[in-house]
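Okay, structure first, notes after.
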Amino acid sequence: MKKVLETRTVRVGENVLIGSGHPIVVQTMCNTHTSDIDATVAQCKLLAAAGSQLIRITVPAMADVKHLEEIKNRLRAEGIQTPLVADIHFSSEIAMAVVPVVEKIRINPGNFHPDHQKARALFGEFLQLCKQYNRAIRIGLNHGSLGKYIVEKYGNTPEAMALAAMEWVQMCMDAQFYNVVVSLKASNTVVMVQAYRNLARMMQENGVVFPLHVGVTEAGNGDSGRIKSCVAISTLLEEGIGNTIRVSLTEPPQNELPVAQYLAHRYSEAPAPVLGEREETILQAACDYGAPLLNHEVDDIPLSDEYLKDELLQACRRKFYKPEYIACPGCGRTLYNLEETFNRVKEATAGFKDVVIAVMGCIVNGPGEMADADYGYVGEGFGKVTLYRKKEPVLRHIPEDEAVERLVELIRKDQVK
Ligand code: SF4
């Protein structure tokens with residue numbers, strides 16, 4: 001019998017319902033600058049037409065709250081009712097300011113203040129405001145950006161991620177605020193699956209299960225990004241865990257939707273996307289073999305397509321046949337051509353073995369989000385790049401046109417040591 005994790009239902013805006021009693025909701029995020037209202041409106045229209053049921057927009061600065069309002073007004077004036085989600089990274093002031101504007105707000109409450117007690121107090125105020133406006137929220141914690149207090153208290157493991165989320169979940173319950181979705185994303189598929197399983201179990205034990213937004217963060221692009229996303233998300237969906245999906249790809253955001261729609265259709269009553277034959281083969285193989293490989297139920301899979309087999313084994317972290325890449329999808333904070341740069345980095349580093357290389361779109365969140373990367377290429381904007389070894393910036397402010405070469409040199413030197 002199909003497994004289902006029974007959850008509460010969260011309503012976003014008038015018509016979007018997220019929870020176990022409803023088809024899986026697919027969503028994506030704009031990668032335009034929020035201050036570029038024309039470009040963001042145009043992208044939202046394109047994404048809504050392509051079937052995105054929620055559209056997330058970053059709000060990096062207080063000045064962007066007005067831009068967000070204008071974007072929403074223009075969309076509504078054109079009859080586009082898709083609920084908007086404000087993506088807030090650190091500032092509780094911006095989080096509060098967007099509550100009257102959009103239907104849903106994504107926050108990581110631990111980042112509201114370096115002092116944990118103050119962060120809790122600010123989150124309490126934020127919940128009261130969301131209650132007043134009847135908004136939905138997502139508590140979104142990512143592996144790699146858990147925050148000092150959390151890492152010191154719980155560690156940096158899938159169990160720690162779930163425990164950290166439970167603290168905020170409990171605060172929502174204490175405030176009797178239930179319009180809450182939770183996510184615990186990681187770029188490592190094993191960590192991601194384990195974190196969500198822990199959280200699902202902890203919420204069940206606690207008696208209130210909020211819907212889960214599932215996704216692999218910084219999955220990269222092309223076949224690898226699709227396969228990495230599908231093996232992990234499908235493993236959870238097979239267990240009935242997951243009510244809304246975002247497939248994060250370092251590609252135009254509309255490319256994410258058919259992949260998310262394939263997953264939503266395979267595991268719920270959501271409509272099927274139109275896919276090319278090759279794409280369907282890849283997604284189907286990732287969903288068929290993801291859980292058995294990730295769960296170590298099998299060591300090998302009966303595929304004659306050696307490339308696809310290698311990709312699947314690597315996505316499930318069973319065999320590394322090429323470097324492992326982490327790349328964020330980019331958003332309104334990205335100040336350089338992330339997609340093109342990521343492809344150049346992949347091409348230049350393809351010959352290395354046993355390394356994890358991250359390419360991140362911004363210096364504000366990129367370093368924190370790189371998780372367990374060995375090397376990081378982080379765009380600062382204005383033609384400059386900082387290169388990281390583990391969490392340490394080792395070459396700062398490098399001109400962009402030299403940066404890929406310098407990254408290759410750095411890795412090569414380390415490998416001959
Ligand atoms: S790391 Fe990438 S996706 Fe995350 S905020 Fe920066 S540019 Fe946006």
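The values are calculated or read from the model by the stated rules, or taken from the named source; none is laboratory data. Worth saying up front: this structure is predicted, and the values here are computed from it rather than measured. Note that each Cβ is placed from the backbone with ideal geometry, even for glycine, and that neighbours are counted across all protein chains shown. Heavy atoms of the whole protein, side chains included, go into the accessibility calculation; ligands, DNA and RNA do not. Shrake-Rupley method; radii C 1.70, N 1.55, O 1.52, S 1.80 Å.
So I326 ticks every box in (1) out of contact with any helix residue (DSSP H, G or I) (no Cβ under 6 Å at 6 or more places or on another chain); (2) more than 15 Å from the ligand (Cβ to nearest atom); (3) open to solvent by less than 10 Å² (accessible area, probe 1.4 Å) but one. Which box is left unticked?
With (1) out of contact with any helix residue (DSSP H, G or I) (no Cβ under 6 Å at 6 or more places or on another chain); (2) more than 15 Å from the ligand (Cβ to nearest atom); (3) open to solvent by less than 10 Å² (accessible area, probe 1.4 Å) applied to I326, the lone miss is (2).
Restricting to segment 363-379, give me the number of residues that are acidic (D, E) and open to solvent by 40 Å² or more (accessible area, probe 1.4 Å).
1
Within the set of pairs 6+ apart or on separate chains, which have a first residue in segment 297-310 that is more than 12 Å from T281 (Cβ to Cβ), a second that is assigned to a loop (DSSP other than H, G, I, E, B) and of a type in the set (S, T, Y), and C-beta atoms under 8 Å apart?
Filtered contacts from segment 297-310: D310/Y321.
Quick check on segment 335-365: of everything there that is of a type in the set (F, W, Y) and part of a loop (DSSP other than H, G, I, E, B), which residue is nearest to the ligand (Cβ to nearest atom)? If you could, list the steps in order and put the result at the bottom.
Pass one, segment 335-365, residues of a type in the set (F, W, Y): 336, 342, 352.
Of the ones still in play, those that are also part of a loop (DSSP other than H, G, I, E, B) are 336, 352.
On the way: Y336: 10, F352: 23 Å.
Per the criteria, the residue is Y336.
Given the criteria modelled with pLDDT under 95, more than 16 Å from the ligand (Cβ to nearest atom) and either part of a strand (DSSP E or B) or farther than 28 Å from P292 by Cα (or both), does G368 qualify?
On the way: modelled with pLDDT under 95: yes; more than 16 Å from the ligand (Cβ to nearest atom): no; either part of a strand (DSSP E or B) or farther than 28 Å from P292 by Cα (or both): yes.
Answer is no for this residue.
Mind counting the residues in segment 247-285 that are touching a residue at least 12 places away in the same chain (Cβ under 8 Å) and part of a loop (DSSP other than H, G, I, E, B)?
So the count comes out to 13.
Name every residue in segment 40-85 that is surrounded by fewer than 16 Cβ atoms within 10 Å (Cβ to Cβ) and assigned to a loop (DSSP other than H, G, I, E, B), in order of residue number.
A61, M62, E78, G79, Q81
Looking at E380, E347, E339, which is the one that is of a type in the set (D, E, K, R) and touching a His at 6+ places or on another chain (Cβ under 8 Å)?
E380
Conditions: (1) within 23 Å of Q43 (Cα to Cα); (2) in contact (Cβ under 8 Å) with a residue 40 or more places away in the chain; (3) surrounded by fewer than 24 Cβ atoms within 10 Å (Cβ to Cβ). R138 meets all but one. Number of the miss?
Of (1) within 23 Å of Q43 (Cα to Cα); (2) in contact (Cβ under 8 Å) with a residue 40 or more places away in the chain; (3) surrounded by fewer than 24 Cβ atoms within 10 Å (Cβ to Cβ), only one is false for R138: (3).
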